[in-house]
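The values are calculated or read from the model by the stated rules, or taken from the named source; none is laboratory data. Computed from a predicted structure; not experimentally measured. Glycine gets a Cβ as well: all are built from the backbone with ideal geometry, and neighbour counts include every protein chain shown. The protein model used for the area step is the full one, side chains on, heavy atoms only, and it has no ligands, DNA or RNA in it. Shrake-Rupley method; radii C 1.70, N 1.55, O 1.52, S 1.80 Å.
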Number of protein chains: 2
Amino acid sequence: MGSDPSCFALGLKAWKIQIDRADKLFGSLSSEEVLREVAPGRNRVLYLWGHLTAVHDAMLPLLGLRERLHPEFDVAFISNPDRSRADMPSHEQVRRAWNLVNTELWKAFETMSWPDWAQRHSAVSEEDFAKDASRNRFAVLLSRTNHLSYHLGQAVLALESARG
Amino acid sequence: MGSDPSCFALGLKAWKIQIDRADKLFGSLSSEEVLREVAPGRNRVLYLWGHLTAVHDAMLPLLGLRERLHPEFDVAFISNPDRSRADMPSHEQVRRAWNLVNTELWKAFETMSWPDWAQRHSAVSEEDFAKDASRNRFAVLLSRTNHLSYHLGQAVLALESARG
């Protein structure tokens, strides 16, 4: 980051900080640990990780970057709760998808200028965007960063209780 | 928000969204519910609420706005873990402090322009800021918004498990 960071560069930095935290947290897990619940009867860490992967994957078309890489993740990690599907992607599949999706996002983010971020995201119509221009791509970035933090706060509970 | 929102206005909107979620979550709790743990042996909801209040209170001097309103919260909610102090502020004291601190922050935020947000925060020296101008007030706003989301993800576990 240069000596005079633009406002949106700080949003990117905040995203990167949370992604790095997630990489560290999820990346350190054994195949036994990813199957731990964050609290009794609640989501398992692998479900949260897959959920975050699916939501980040959906950012690719939402930000007008490209088609999705893992649309099949939605059935396991968005439309259905944990433990409802026998065919949930494996630890290794989630890890690979997580890395792929976030690498693809970051590659695109690095090329985007403020006029790119200020454009409407693809889930809002041109008509609605004309009424409320805050529904832009930068708002998606901030919202998804907070979504990531929210679930990291939960995922960490599964770990510390076992390791601390 | 007008028809052409500035980048930092979107950061403020993201803060406000999380504060509103917190108000709704914490505001709905009975005095019995605030004493629930988010997971067995983990922090109680009242501790998280007090912790967030203390961290937001510390934003007042950090952003150069004014002296703190509740510096005494640090002993109970930052320097010490939950259940270590007999004199923890009560449910009613935390609720009042939370509302006061966030109202004071928001009042100040509404008057701030981008040049205000781009200034260094008070925990970084002028010398260090000259080397890395990303350590500014807007970076504090984004970081504290994510911190709030992180703990909201935990607090909600105490509720849903009991109500869901």
Shape call for the range A:6-81, from the Cα gyration tensor axes a ≥ b ≥ c (a/c under 1.5 means rounded, otherwise prolate when a/b beats b/c, else oblate), comes out oblate
Applying the gyration tensor rule to the Cα atoms of the range B:65-159 (axes a ≥ b ≥ c; rounded if a/c under 1.5, else prolate if a/b exceeds b/c, else oblate), the class is prolate
The correct pair for chain B, radius of gyration to one decimal and Dmax as a whole number, both in Å and from Cα atoms, is 16.8, 52
Buried accessible surface, A vs B, both sides, probe 1.4 Å, in Å² to 100, equals 2800
Output for the range B:1-84: GluC sites (Glu not before Pro) sitting in coil per DSSP, at most 16 other Cβ within 10 Å, listed by number, reads B:Glu32, B:Glu67, B:Glu72
Per residue, accessible area of chain A with a 1.4 Å probe, heavy atoms of protein chains only, in Å², comes to 45
homo-copy label distances at B:Asp132 (7 angstrom along Cα-Cβ), nm, one dp, ascending, are 3.6
Applying the gyration tensor rule to the Cα atoms of the range A:1-48 (axes a ≥ b ≥ c; rounded if a/c under 1.5, else prolate if a/b exceeds b/c, else oblate), the class is prolate
With a 1.4 angstrom probe the carbon and sulfur portion of accessible area for the protein assembly as shown, in percent, totals 51
Calculated from DSSP helices alone, with each H run of at least 4 adding -39500 (n - 2.57) and the total divided by the residues of chain B, [θ]222 nm to the nearest 500 comes to -20000 deg cm²/dmol
With Cα springs under 10 Å, the Gaussian network model of chain A assigns the largest mean-square fluctuation among A:Asp82, A:Asp23, A:Asp132 to A:Asp132
Shielding of A:32-40 by other chains, given as the mean Cβ count within 10 Å, works out to 2
Subtracting the Cα-Cα distance of A:Leu25 and A:Ser113 from 0.36 nm times their residue separation yields 28.7 nm
One decimal, nm, nearest first: from A:Ser84 to the same residue in each other copy, label points 7 Å out along Cα→Cβ, the values are 4.1
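Summing Lys, Arg as +1 and Asp, Glu as -1, what charge do residues with Cβ under 11 Å from the Cβ of B:Val45 carry, B:Val45 excluded?
Result for the neighbourhood of B:Val45: -1.
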What the Cα atoms of the protein assembly as shown span along the principal axes, largest first and in whole Å, is 51, 45, 40
So, over other residues within a Cβ distance under 13 Å of A:Glu110, counting Lys, Arg +1 and Asp, Glu -1, the net charge is +1
